[in-house]
Every structure is written in structure tokens, then in C-alpha cells.
1. Kindly list the number of the only condition in (1) of a type outside the set (S, T, Y); (2) modelled with pLDDT of 90 or more; (3) open to solvent by 80 Å² or more (accessible area, probe 1.4 Å) that fails for C11.
2. Can you list residue pairs whose Cβ atoms sit under 8 Å apart, with the first residue in region 19-32 being without any contact (Cβ under 8 Å) to a residue 60 or more places away in the chain and the second being open to solvent by 70 Å² or more (accessible area, probe 1.4 Å) and part of a helix (DSSP H, G or I)? Count only pairs 6 or more apart in sequence or on different chains.
3. It is to be established whether one or more residues within region 36-45 are loosely packed, with under 10 Cβ neighbours inside 10 Å and modelled with pLDDT under 85.
4. As an exercise: evaluate E4 against (1) surrounded by 10 or more Cβ atoms within 10 Å (Cβ to Cβ); (2) at pLDDT below 95 and give the number of the one condition it does not meet.
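The values are calculated or read from the model by the stated rules, or taken from the named source; none is laboratory data. Bear in mind that the values here come from a model prediction, so they are computed numbers and not experimental data. Every residue, glycine among them, receives a Cβ derived from its backbone with ideal geometry; neighbour counts consider all protein chains shown. Heads up: the accessible areas ignore ligands, DNA and RNA and are worked out on the full protein's heavy atoms, side chains in. Shrake-Rupley method; radii C 1.70, N 1.55, O 1.52, S 1.80 Å.
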Amino acid sequence: MKKEMSKFIICGIIICVAVFLIIEGIARDEVTTVFNKSANICMECIGIG
């Protein structure tokens, strides 16, 4: 029972940290940077760019 509770707490902490980092990235306007980099990588992998 105690082991299950500790796993639940750890998962909750990880989810909270992930949500915080996503919100922080959105607030710093990193969305456009990430999108541009991913689009460039895709174009290079496909061979279009």
C-alpha cells in the first residue's frame, strides 16, 4: 500500500513539473522557435529543403 502511494506521489510531482515547464516555455514564446526547428528538421529528413 505504501509503495503504491509513493509511486502515485512521484508521478504527480513529475506531471506537475512537466506542466510547469510547458507553461514556462509558452510564456517565453518558445513555441515558434520549436516549431521552426522541427519544420526545418522535417524538411531536411524528407529531402525537400
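1. So the condition that C11 fails would be (3).
2. Pairs found: G25/V31; G25/V34.
3. Quick first cut of region 36-45, residues loosely packed, with under 10 Cβ neighbours inside 10 Å only: 45.
Filter once more, keeping what is modelled with pLDDT under 85: 45.
For region 36-45, residues loosely packed, with under 10 Cβ neighbours inside 10 Å and modelled with pLDDT under 85: present.
4. With respect to (1) surrounded by 10 or more Cβ atoms within 10 Å (Cβ to Cβ); (2) at pLDDT below 95, E4 is out only on (1).
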